[in-house]
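Mind having a look at this structure? Questions to follow.
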Amino acid sequence: MLSRPLYDTMQDLGLRGMARAFERQHGQPTTADLGFDERFALLLDAERLERANYRYAQRLRWAKLPQQNACLEDLDHRTPRGLDKRVVAQLSDLRWVDQHLNVLIVGPTGVGKSYLASALAHHACKHEIGVRCLRLPRLIEEFAKADALRKKSALFRQLAKVPLLVLDDFGLTPLADTHQRDLLELLDDRYDKAATLVTSQLPIDGWHAYLGDPTLADAILDRLVHNAYRIVLKGESMRARRAHPATDPSPPKEAAAKTD
């Protein structure tokens, strides 16, 4: 019979995983054969798992990934688009995050840039790494809002502390000089201290021209490009492939998700 006072005490102390495991133990006759230490160890394991899952869910909410369910296991390696399995395997160990390196993913629209970025970021969340994802146009809006509220310094400090920052859609819209300086300050704060992942439709050798101001462009790219892994995707849009399912009767899960 379940000892209700013990169960309620666990709940009151916030030991919800332990409380549920305690309830399950009383519903399983086999646990009666276990000693106190064994049963208590099972309760502690349940509480630890509960807390780990809660922190993982918190990291996912904070990350705001464009594709929450993207995962490395579902990457489409059948479609020829320049995605090297060896590079993906190398990035999946996440040492590049610990080493404060960057990842640049470029390619035409629809080839899976955002999916790959989300999958890597999701993988980082699973391994207890803090992530924040922002489309570059949204980041510029955040800069402008913080500037109007005189809180830009606080925003820079906040973003500088994120272990992995994902900037999606780099080069999609023009950047004014003020915003280029903001981006430079952000990247300078993070340089050699945190990892940054960037996706872009522009080839990397076109980023200098996109930024325009030679001095600012040199400074930004120096902090972004020279310590980075580069993934150059190519090929037709995977959205176009989804529009013609008869050409691929069993598309992988990535092909069924929104790609960019």
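Select from Ala19, Leu75, Ala52 the residue farthest towards the positive end of the dipole of the stretch 1-80; place +1 on Cβ of Lys and Arg, -1 on Cβ of Asp and Glu, and compute about the Cα centre.
Going by the Cα projections, it comes out as Leu75.
Taking springs between alpha-carbon atoms closer than 10 angstrom, which of Arg59, Arg39, Arg181 fluctuates most in the Gaussian network model of the chain?
Of Arg59, Arg39, Arg181, the most mobile in the Gaussian network model is Arg39.
Right, here's the next one. Going by alpha carbons, how many degrees (0 to 90, nearest 10) lie between the helix axis of 136-148 and the longest principal axis of the chain?
Helix 136-148 and the main axis of the chain meet at about 90 degrees.
Also, I was wondering about something else. Would you kindly calculate the translational diffusion coefficient of the chain, applying Stokes-Einstein with the Kirkwood radius from alpha carbon pairs, for 20 °C and a viscosity of 1.002 mPa s, and quote it in µm² s⁻¹ without decimals?
Approximately 102 µm²/s, per Stokes-Einstein.
Can I ask one more? May I ask what percent, to the nearest 5, of DSSP beta bridges between residues of the stretch 64-256 are antiparallel?
Of the beta bridges lying entirely in the stretch 64-256, close to 0 percent run antiparallel.
How big is the charge dipole of the chain about its Cα centre, in debye rounded to the nearest 20, if each Lys and Arg gets +1 on its Cβ and each Asp and Glu gets -1 on its Cβ?
The calculated dipole for the chain is roughly 440 debye.
Against the longest principal axis of the chain, how steep is helix 177-190, in degrees 0 to 90 to the nearest 10, with axes from Cα atoms?
Approximately 40 degrees, to the nearest 10.
Using only DSSP helix segments of four residues or longer, with each worth -39500 (n - 2.57), what per-residue ellipticity at 222 nm results for the chain after dividing by its residue count and rounding to 500?
Taken over the chain, the calculation gives -15500 deg cm²/dmol.
Take Ser237, Ser3 and order them by how many other Cβ atoms sit within 10 Å, fewest up front.
Lowest count first: Ser3, Ser237.
Which of rounded, prolate or oblate describes the stretch 110-177 when judged by the alpha-carbon gyration tensor and an a/c cut-off of 1.5?
oblate
Per 0.36 nm of contour for each residue apart, how much would the distance between Asp222 and Gln99 grow if the chain were fully extended, relative to their Cα-Cα spacing?
42.6 nm
A short reminder: the numbers here are calculations on the coordinates, not readings from a lab. What you are looking at is a predicted structure, and each value in this text was computed from that prediction instead of being measured. Every residue, glycine among them, receives a Cβ derived from its backbone with ideal geometry; neighbour counts consider all protein chains shown.
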